[in-house]
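Derivation of every value follows stated rules applied to the coordinates shown; laboratory data play no part. Predicted, not measured: the structure shown is a model, and the values here were computed from it. Please note: Cβ atoms are built from the backbone with ideal geometry, for glycine as well, and neighbour counts cover all protein chains shown.
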Amino acid sequence: MRPGWLFQAHFVGWVAASLVAFGSSLSAAEVSEAEVRREGDRYRLHVVARIDAVPAAVWALLTDFHALERLHHSVQESTYLGRTFEGAERVRIRMHPCVLFFCVDATQVVEFRSTGAGQLLADFERRDSLFDFGRLKWRLAGAPNTGTDLVFNAELAPAFWIPPLFGPWILKRALRETATDIVTNLDRLSRSAVP
């Protein structure tokens, strides 16, 4: 039996794209708000962070669909599948996340689209997905010579059983650990991309 809930813990942390972190482990990035809550069968995330790099550099990393593995070690490969008729960018993400002593190979197709200046929307494709519903929203703001204010929201409904006693706790813990790594990588990579 595939431990889908373990995969979700790391995948959600990655797609949060750098986001539910705690400031003590960060050097330049700062998280002023970080909330993960469960409402019925859905998990909702809200994060406000500041990254010490210009918005264009952060945007370039979030939309480099050929190299999303740079954001977290559990991402093995991201493959750009092309543009849909409606203008969305389809990306297949192959992952090998591990939680405690359990590891799993999994793949998720995500459709990304820009919904305005500095705004990125991502919807999970349901076919062969571990999610009944998945939607992520990023909003970046900042002047060309300043840092980036990042607001992230996510709504996710797993399509698999989560153990009621420890499952939600493990999921939230994995979200925080994974996202802390991603925030650090996003900050580091975006600053190093600026000459």
Report task. Go through the range 78-83 residue by residue and turn each phi into a ³J(HN,Hα) via Karplus (6.51, -1.76, 1.60, θ = phi - 60°); whole Hz please, and just put x for glycine and proline. Result -> 10, 10, 6, 9, x, 9
Report summary line: Amide H proximity to A53 below 5 Å, modelled H, separation 5+ or other chain, gives T148
Report summary line: So, with points 7 Å from each Cα along the Cβ direction, the R42-R135 label distance in nm works out to 0.7 nm
Requested in this report: Could you calculate the FRET efficiency of E125 with S192 from 1/(1 + (r/R0)^6), where r is the beta carbon distance between them and R0 is 41 Å, rounded to 0.05?
Outcome: 0.80
